[in-house]
1. Within the stretch 56-114, how many residues turn out to be under 18 Å from THR187 (Cβ atoms) and among the basic types (Lys, Arg)?
2. Applying the selection to the stretch 160-173, what residues are of a type in the set (Gly, Ala, Ser) and assigned to a strand (DSSP E or B)?
3. Within the stretch 141-189, restricting attention to residues that are under 20 Å from GLN75 (Cβ atoms) and out of contact with any helix residue (DSSP H, G or I) (no Cβ under 9 Å at 6 or more places or on another chain), which residue is surrounded by the fewest Cβ atoms within 10 Å (Cβ to Cβ)?
4. For residues that are without any contact (Cβ under 8 Å) to a residue 60 or more places away in the chain and part of a helix (DSSP H, G or I), tally how many sit in the stretch 38-47.
5. Is there a residue in the stretch 121-136 that is modelled with pLDDT of 90 or more, among the hydrophobic types (A, V, I, L, M, F, W, C), under 14 Å from the mean Cα position of the chain (by Cα) and within 29 Å of THR55 (Cβ to Cβ)?
6. Suppose we filter the stretch 144-159 for residues that are more than 21 Å from GLN11 (Cα to Cα) and assigned to a strand (DSSP E or B); how many remain?
7. Just to verify a result, which residue in the stretch 73-94, among those that are among the hydrophobic types (A, V, I, L, M, F, W, C) and open to solvent by less than 60 Å² (accessible area, probe 1.4 Å), is nearest to PHE113 (Cα to Cα)?
8. Considering only residues that are more than 17 Å from GLU10 (Cα to Cα) and open to solvent by less than 50 Å² (accessible area, probe 1.4 Å), which ones fall in the stretch 103-130?
Amino acid sequence: EFDLNELSLEQKQALRSFPDRRLRAQAEKLLAMGGGLPDANRAKVLKSLLHVTETTGDADAGKAVFKKACAACHQHGDMGQKIGPNLTGMAVHPKAELLTHIIDPSRSVEGNFRIYTVVTVDGVVKNGMLASETRTSITLIDSKAQETSIQREDIEELLASRKSLMPEGFEKQMTEVELTNLLQFLTNK
């Protein structure tokens, strides 16, 4: 017995962008049945959560939320990894703008933070951000900071997505209080 809720957001996102159309459709159906999918209508989700931007949260508690949910990819001060954009100095942005990036990360994604999908000649599928490329190989980095180098001669297909490496659905991973606290931490001067 397999529990869909055990899949990480990244794994769900990878299934939703799987190169094989038939498998992708099957995954969508299973994920939707299991209720494990974040609502695809990101604007609706954002609207339903905007009220958290009008509340003052607890910045110290927000720091703990950052460590748990964001530090694997983002840096803030001396905490975290340099995979996604550095979030130090975000206090200059309004909370509503930051919430938009958290809830709808693919709304305005810069090219270097997009997901690339590689299908190798032996049928293996790899997802990640393009970390580097040479004449003979490319290197992908995933949201766990794992790098994978693939020889160009082993690549059957290379697809650039419009999706951000940051998956949708963080509202399913944290409570509204945690989200309020995270926004407070990010905007604290």
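The values are calculated or read from the model by the stated rules, or taken from the named source; none is laboratory data. As the structure is a prediction and not an experimental result, all values here were calculated from the model. No Cβ is skipped: glycine too gets one built from the backbone with ideal geometry, and neighbour counts run over all protein chains shown. Ligands, DNA and RNA are stripped out before the accessible areas are found, and what is left, the full protein with its side chains, is counted by its heavy atoms. Shrake-Rupley method; radii C 1.70, N 1.55, O 1.52, S 1.80 Å.
1. Total meeting the criteria: 3.
2. Step one: filter the stretch 160-173 for residues of a type in the set (Gly, Ala, Ser), giving 160-161, 164, 169.
Hits for the stretch 160-173 are ALA160, SER161, SER164.
3. GLN146
4. Total satisfying the criteria: 3.
5. no
6. To start, the set of residues in the stretch 144-159 that are more than 21 Å from GLN11 (Cα to Cα) comprises 151-156.
Checking which are assigned to a strand (DSSP E or B) leaves us with 151, 155-156.
Residues that pass the stated criteria total 3.
7. Start the filter on the stretch 73-94 by keeping residues that are among the hydrophobic types (A, V, I, L, M, F, W, C), which leaves 73, 79, 83, 87, 90-92.
Now drop any that are not open to solvent by less than 60 Å² (accessible area, probe 1.4 Å), which leaves 73, 79, 83, 87, 90-91.
On the way: CYS73: 11, MET79: 20, ILE83: 8, LEU87: 14, MET90: 18, ALA91: 22 Å.
Among them, the one singled out is ILE83.
8. GLY111, VAL119, THR120
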